[in-house]
Amino acid sequence: MTAKSRTSLPPTVWGLALCQALLTTGSVLLIAVSPLVGAWLAPSPILSTLPVATQLAGLTAATLPAGYLTARWGRKRAFVIGNLIGLAGVGLCGLALLEASFIGFVIGTLGIGASIATGMLYRFAAVDVVGPEQRDSALSWVMAGGVIAAFAGPWLARHLRDLFATEFLGAFAGLAALYGLALLILLRLRLPGSVTRGLTATQPSRPPGAVRRRPALVAAVLCAALGYSVMNLAMTATPLAMTAARHDFGHVADVIQWHMLAMFAPSFVTGRLIRRLGHPRMIAAGALCLLMSLGCSLLAPALVGFIAGLVLLGLGWNFTFLAASAWLTTLHGAIEAPRLQAINDFSVFSLAAIAALMAGPLQSWLGWQVVNLLLALPVLVLLALALRHARSSPTQAPSAKASRLR
């Protein structure tokens, strides 16, 4: 990723990167406090991560409608609608805290998740406004906005937790401010009216069945889903495992901060690495990072074990999820983009929601080290899938592949 490619990216990409930073800051804040709020309000410890799971369930349920709205009304309207839904969900969570209502809090996180579903499309919106040669750079730089979140999210969680008499209420007041600022930025961005603007009726579109049967496309979706789900289950269980190991909330916030930094800081160079190694090889490198992360659980309950494991977990997520997302953009044309991007995110977050729902019971029943041992199985599947396609696909710049498909 050269200096020239960075400076030539249009302003819309930087606006989307800032919106991504705000969205991810809010997500980090939720990661730090939602399991603890769940443990406080839930009638049973095994339901402590239900708010995280319902957040992902809302995200999953909204991915296909978000794709439809994008194709019908364009990115901008879909993003604004999603942001307003998120603000409503944050308000409901705040009211639930005041009323000590677990059901209300769960419903509120469902709305927040639906909002995040539209925000996860920021990375694809950046691809829409650049040429094929800048696709990896634009996607990576938008995701790099999460570096701000690595610092801001834990800081907000720590300092806003006790801002009001009701514990954690201040965190959701901060979350409302983040969503409000993102809404103001989105209203000023110049985005296409629809992702298919400028296409003509003569441009070919492959039959949906033919597209879905492409082995590489299926592999890209599976790699994104497996990498994200392994990361999400381990990350969701971490606050519970650290609390059980008698680490205080400050240590939990610090570990989450290092994890988020590892998730997004590599994005500054991930695009260049993808172009050099190719998508499947980059995914394989991420799978190896995930395996090393799981091995760090043997160091628990030491704080260094949680820090090292979560740093490697974040790095593995970055390499797998960004490479798989970039790979997907080379495997379809613009006409198919809204539908296939929505299907991709639906698949990814369906599995991630299941993983989050399983995190609480698995951590409660089996403990941190056994949970990490079980996660090695999907990581090995991910690694085998990536290596299979790495052998059959020579290293090639994604932009060259995309130019032939479009």
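The values are calculated or read from the model by the stated rules, or taken from the named source; none is laboratory data. What you are looking at is a predicted structure, and each value in this text was computed from that prediction instead of being measured. Every residue, glycine as well, gets a Cβ built from its backbone with ideal geometry; the counts of neighbours run over all protein chains shown.
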- Note on the structure: Picking from GLY174, GLY153, GLY146, the residue that is surrounded by 19 or more Cβ atoms within 10 Å (Cβ to Cβ) and either farther than 30 Å from ASP248 by Cβ or more than 19 Å from the chain's Cα centre (by Cα) (or both) would be GLY174
- Task: Determine whether the range 115-132 contains at least one residue that is within 16 Å of ALA177 (Cα to Cα), among the hydroxyl-bearing types (Ser, Thr, Tyr) and either in contact with a Leu (Cβ under 9 Å, 6 or more places away or on another chain) or not in a helix (DSSP H, G or I) (or both).
- Result: yes
- Query: Looking at SER325, SER293, which is the one that is under 25 Å from THR60 (Cβ atoms), among the hydroxyl-bearing types (Ser, Thr, Tyr) and modelled with pLDDT of 90 or more?
  - Reply: SER293
- Output the number of residues of the range 100-114 satisfying the condition of being in contact (Cβ under 8 Å) with a residue 24 or more places away in the chain, part of a helix (DSSP H, G or I) and farther than 21 Å from VAL80 by Cα. 3
- Item | Hey, LEU277 surrounded by fewer than 18 Cβ atoms within 10 Å (Cβ to Cβ), modelled with pLDDT of 85 or more and at negative phi or not | yes
- Query: In this structure, is ALA245 over 21 Å from LEU56 (Cα atoms) and surrounded by fewer than 19 Cβ atoms within 10 Å (Cβ to Cβ)?
  - Reply: yes
- Task: Determine whether the range 16-30 contains at least one residue that is assigned to a helix (DSSP H, G or I), of a type in the set (A, V, I, L, M, F, W, C), over 17 Å from the mean Cα position of the chain (by Cα) and crowded, with 24+ Cβ neighbours inside 10 Å.
- Result: no
- Would you check which residues across the range 149-166 are among the aromatic types (Phe, Trp, Tyr) and in a helix (DSSP H, G or I) and list them? PHE151, TRP155
- closer than 30 Å to GLU167 by Cβ, in contact (Cβ under 8 Å) with a residue 24 or more places away in the chain and not aliphatic (A, V, I, L, M) - does that describe any residue in the range 70-78? no
- Item | Criterion violated by LEU97 - all others in (1) more than 29 Å from ALA234 (Cα to Cα); (2) in a helix (DSSP H, G or I) satisfied | (1)
- Note on the structure: When every residue in the range 156-168 that is crowded, with 20+ Cβ neighbours inside 10 Å and closer than 20 Å to SER101 by Cβ is compared, the one modelled with the lowest pLDDT is ARG161
- Message: Which pairs turn up if I take residues in the range 267-288 that are over 13 Å from ALA220 (Cβ atoms) and look for partners that are of a type in the set (Asp, Glu) and surrounded by fewer than 19 Cβ atoms within 10 Å (Cβ to Cβ) with beta carbon separation below 9 Å, at least 6 apart in sequence or on another chain?
- Response: none
- Message: Between GLY67, GLY86, which is crowded, with 24+ Cβ neighbours inside 10 Å and at pLDDT 90 or above?
- Response: GLY86
- Task: Return a yes/no flag: does the range 41-49 have any residue that is among the β-branched types (Val, Ile, Thr), part of a helix (DSSP H, G or I) and surrounded by fewer than 20 Cβ atoms within 10 Å (Cβ to Cβ).
- Result: yes
- Item | Which numbered condition LEU226 fails, given (1) at pLDDT 90 or above; (2) surrounded by fewer than 19 Cβ atoms within 10 Å (Cβ to Cβ) | (2)
